[in-house]
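Q: One structure is given below, represented as structure tokens, and several questions about it will come after.
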Amino acid sequence: MTQYGFFFDSSRCTGCKTCALACKDYKDLSVDFAYRKVYDYEGGQWVEDADGVHVSSMFAYHVSVSCNHCDNPACAHVCPTGAMHKDPATGLVDVDAGKCIGCGYCHMACPYNSPKVDRQLGRSVKCNGCAERVAEGKSPICVEACPLRALEFGPVEEMAKLGKRADIAPLPEPRYTDPNLYVLESDDVQPAGTFDGEVKNIKEVM
Ligand code: SF4
Ligand code: SF4
Ligand code: SF4
């Protein structure tokens, strides 16, 4: 099996959200859904030191994330029908529309808030890694659309050469699901689990 995954270069991303919008356009999603989201994460403060000098610990960066097609997919583990499954050839995680009953267990289990239940369709919806494009030897649309070349997609062995497994705020710690998302960290990046910053565009990413 070739396990596919994403790479994200935190030092390049400007938070323009072209990736998220390109996905919505390609997947013809309504305003209610987005398979990829971009967190704007900020924090820090100005502190006066003993000499009266004001020193900044401010930081700000963006994190583009979709489904991470995890090695240990919590979404698939809790799915009572087997609809949420990992493709044996690519490791990409997808919903079998014919099996899904829209119970929402996958939505509740995923620490990345990736699957959502579409009440009109009566089933779960999420990023499938653009499996149909990958089968044709192409990259996902979100990766191709990024104007800063901050995203890559490919076999995880290749992605792991570019960065380390995602362990950055505001994402959860990787030990929960072993996400196939590798990150090159910018100087501003804070570790997963920190409470030193906050997501400034919370309405966009929920
Ligand atoms: S990111 Fe969430 S939905 Fe995607 S495979 Fe991992 S647990 Fe499942
Ligand atoms: S891989 Fe495809 S479905 Fe997933 S976020 Fe990117 S464009 Fe959307
Ligand atoms: S398109 Fe590229 S630079 Fe823009 S938000 Fe997405 S990953 Fe960041």
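Q: Regarding the range 121-132, can at least one residue be identified that is open to solvent by 60 Å² or more (accessible area, probe 1.4 Å), at pLDDT 95 or above and either within 16 Å of ligand 3 (Cβ to nearest atom) or under 27 Å from Ser186 (Cβ atoms) (or both)?
A: No: the range 121-132 contains no residue that is open to solvent by 60 Å² or more (accessible area, probe 1.4 Å), at pLDDT 95 or above and either within 16 Å of ligand 3 (Cβ to nearest atom) or under 27 Å from Ser186 (Cβ atoms) (or both).
Q: Out of all the residues in the range 30-51, is one or more under 16 Å from Asn180 (Cβ atoms) and open to solvent by 30 Å² or more (accessible area, probe 1.4 Å)?
A: Within the range 30-51 (the criterion being under 16 Å from Asn180 (Cβ atoms) and open to solvent by 30 Å² or more (accessible area, probe 1.4 Å)), the answer is yes, since at least one residue qualifies.
Q: Given the residues Cys13, Cys70, Cys75, which is the only one that is touching a Leu at 6+ places or on another chain (Cβ under 7 Å), within 29 Å of Ala131 (Cβ to Cβ) and either part of a strand (DSSP E or B) or at pLDDT 95 or above (or both)?
A: Cys13
Q: Next question, about the same structure. Which of the residues that make up the range 110-119 are open to solvent by less than 60 Å² (accessible area, probe 1.4 Å) and more than 15 Å from the chain's Cα centre (by Cα)?
A: Val117, Asp118
Q: While we're looking at this one, here's another question. Which residue out of Leu92, Leu21 is surrounded by fewer than 17 Cβ atoms within 10 Å (Cβ to Cβ) and either over 27 Å from Pro155 (Cβ atoms) or under 18 Å from the mean Cα position of the chain (by Cα) (or both)?
A: Every option except Leu21 fails the conditions.
Q: Quick test of your reading of the structure: Pro191 fulfils all but one of (1) farther than 20 Å from Cys75 by Cβ; (2) in contact with a Cys (Cβ under 7 Å, 6 or more places away or on another chain). Name the failing condition by number.
A: With (1) farther than 20 Å from Cys75 by Cβ; (2) in contact with a Cys (Cβ under 7 Å, 6 or more places away or on another chain) applied to Pro191, the lone miss is (2).
Q: Identify the single condition in (1) surrounded by fewer than 22 Cβ atoms within 10 Å (Cβ to Cβ); (2) within 13 Å of ligand 2 (Cβ to nearest atom) that Asp71 does not satisfy, given that it satisfies every other one.
A: The one condition Asp71 does not meet is (2).
Q: May I pose another question? Could you please let me know if Ala97 is over 16 Å from the mean Cα position of the chain (by Cα) and more than 24 Å from Pro174 (Cβ to Cβ)?
A: Criteria met by Ala97.
Q: Output the residues belonging to the range 183-196 that are part of a loop (DSSP other than H, G, I, E, B), under 13 Å from Ala166 (Cβ atoms) and open to solvent by 40 Å² or more (accessible area, probe 1.4 Å).
A: Selection gives Glu185, Gly193.
Q: What is the one condition in (1) touching a Phe, Trp or Tyr at 6+ places or on another chain (Cβ under 6 Å); (2) outside any strand (DSSP E or B) that Tyr35 does not satisfy?
A: (1)
Q: Scan the range 34-74 for residues that are more than 16 Å from ligand 3 (Cβ to nearest atom) and more than 17 Å from the chain's Cα centre (by Cα) and report the count.
A: 17
Q: To continue, here is another question. Would you be able to say whether some residue in the range 25-33 is in contact (Cβ under 8 Å) with a residue 24 or more places away in the chain and either touching a Pro at 6+ places or on another chain (Cβ under 6 Å) or near ligand 3 (Cβ under 10 Å from one of its atoms) (or both)?
A: No: zero hits.
Q: Can you find a residue in the range 172-182 that is touching an Asp or Glu at 6+ places or on another chain (Cβ under 8 Å), open to solvent by 40 Å² or more (accessible area, probe 1.4 Å) and not in a strand (DSSP E or B)?
A: yes
Q: Additional query: Picking from Glu157, Glu144, which residue would you name as being closer than 27 Å to Lys27 by Cα, among the acidic types (Asp, Glu) and assigned to a helix (DSSP H, G or I)?
A: Glu144
The values are calculated or read from the model by the stated rules, or taken from the named source; none is laboratory data. Source: prediction; values computed, not measured. Because the Cβ atoms are built from the backbone with ideal geometry, glycine has one as well, and the counts that use them run over all protein chains shown. Protein only, heavy atoms only, side chains kept; ligands, DNA and RNA dropped before computing areas. Shrake-Rupley method; radii C 1.70, N 1.55, O 1.52, S 1.80 Å.
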